[in-house]
Amino acid sequence: MSAERPASASPSLPIGADTPEAKKLVADYRAAYPDDALDNGIVAGWTAVSAFGEALKKACAYKDLTREGVDKALLSIDSYDVGFGVAQNFTDPMAPSSRESVILQPDKSVTGGMKVVREAGASEAAQAYTPGA
């Protein structure tokens with residue numbers, strides 16, 4: 001990591017990541033919103049709606065689309081990754097869905113303006129975190 005540039009932790013790879021899923025999201029977003037900028041808010045929204053969509057599919061399979069049924073379905077998802085580098089575990093509503101972060105730095109030369117300077121990992125503090133403690 002460069003000392004001159006600020007870094008930030010992110011719960012996912014940036015929108016400009018070199019993955020098939022990121023490239024598809026960029027292409028689809030640019031096709032739908034050609035005048036809009038690309039940033040990690042798009043990844044956050046895509047990840048959230050994709051996880052909710054997965055919960056709805058499970059609720060449909062359980063034949064229970066009530067609020068409780070969708071909640072139960074979400075709580076059954078123990079490893080969900082839409083291709084942005086960090087798997088999410090929704091089984092404990094009191095715990096974070098992941099303890100991992102990707103470290104990013106600004107870079108004007110890449111799509112979305114952020115590059116990965118450290119792959120996904122969990123700090124000792126994140127690993128030791130106990131909800132409600």
Checklist entry - Just ALA95, ALA55, ALA87 to compare: in a GNM of the chain, with alpha carbon springs under 10 Å, which one fluctuates most? => result ALA95
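Return the loop-located GluC sites (Glu not before Pro) in region 1-58 (DSSP other than H, G, I, E, B) with at most 14 other Cβ atoms within 10 Å of their own Cβ; answer none if there are none. Show your work: numbers first, answer last.
On the way: sites: GLU4, GLU21, GLU54; in loops: GLU4.
Passing both the DSSP loop test and the Cβ count: GLU4.
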Next on the checklist: Using the Karplus curve 6.51 cos²θ - 1.76 cosθ + 1.60 with θ = phi - 60°, what ³J(HN,Hα) values do you get for each residue of region 71-84, in whole Hz, with x for Gly and Pro?
Outcome noted: 4, 4, 5, 4, 5, 8, 8, 10, 7, 10, 9, 8, x, 10
Checklist outcome for this item: Rounded to one decimal in Å, the inverse mean reciprocal Cα-Cα distance for region 1-102, i.e. its Kirkwood radius, is 15.2
Item to check | Structure-based [θ]222 nm, the chain - -39500 (n - 2.57) summed over DSSP H runs of at least 4, per residue, nearest 500 | outcome: -11500 deg cm²/dmol
Next on the checklist: Between GLY16, GLY41, GLY112, where does the largest GNM mean-square fluctuation fall for the chain, given springs only between Cα atoms within less than 10 Å?
Outcome noted: GLY41
Next on the checklist: Can you tell me the orientation of helix 20-32 relative to the chain, as the angle in degrees between its alpha-carbon axis and the longest Cα principal axis, to the nearest 10?
Outcome noted: 90
Checklist entry - Local charge sum around ARG30 (other residues, Cβ-Cβ under 14 Å, Lys/Arg +1, Asp/Glu -1)? => result -2
Item to check | Listed residues VAL102, VAL82, VAL49, most fluctuating in the chain (Gaussian network, C-alpha, under 10 Å) | outcome: VAL49
Next on the checklist: If you count only protein heavy atoms and use a 1.4 Å probe, how large is the accessible surface of GLU68, to the nearest 10 Å²?
Outcome noted: 130
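Counting only other residues whose beta carbon sits under 10 Å from that of GLY121, what net charge do I get with K and R as +1, D and E as -1? Don't jump to the answer; show the numbers that get you there.
Working: positive: ARG99, ARG118; negative: GLU100, GLU119.
Net local charge, GLY121 excluded: 0.
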Checklist outcome for this item: Amide H contacts under 5 Å for ARG118, restricted to residues at least 5 apart in sequence or on another chain and with H modeled in the peptide plane, are ILE103
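Any idea how many Lys pairs in the chain come in under 20 angstrom at the alpha carbon, given 8 or more places apart or on separate chains? List each step's numbers first, then the result.
Numbers: LYS23/LYS108; LYS23/LYS115; LYS24/LYS115; LYS57/LYS72; LYS58/LYS72; LYS63/LYS72.
The result is 6.
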Next on the checklist: Through the Karplus equation 6.51 cos²θ - 1.76 cosθ + 1.60, θ set to phi - 60°, convert the phi angles of region 100-112 into ³J(HN,Hα) values in whole Hz; use x for Gly and Pro.
Outcome noted: 8, 9, 9, 9, 10, 10, x, 7, 4, 7, 10, 4, x
Item to check | Nearest 10 degrees, 0 to 90: helix 40-61 Cα axis against the chain principal axis | outcome: 20
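The values are calculated or read from the model by the stated rules, or taken from the named source; none is laboratory data. Please read all numbers here as calculations on a predicted model, not as lab measurements. Quick reminder, even Gly has a Cβ in these numbers, built from the backbone with ideal geometry, and neighbours come from all protein chains shown. Quick note on the areas: whole protein, heavy atoms, side chains included, nothing else; ligands and nucleic acids left out. Shrake-Rupley method; radii C 1.70, N 1.55, O 1.52, S 1.80 Å.
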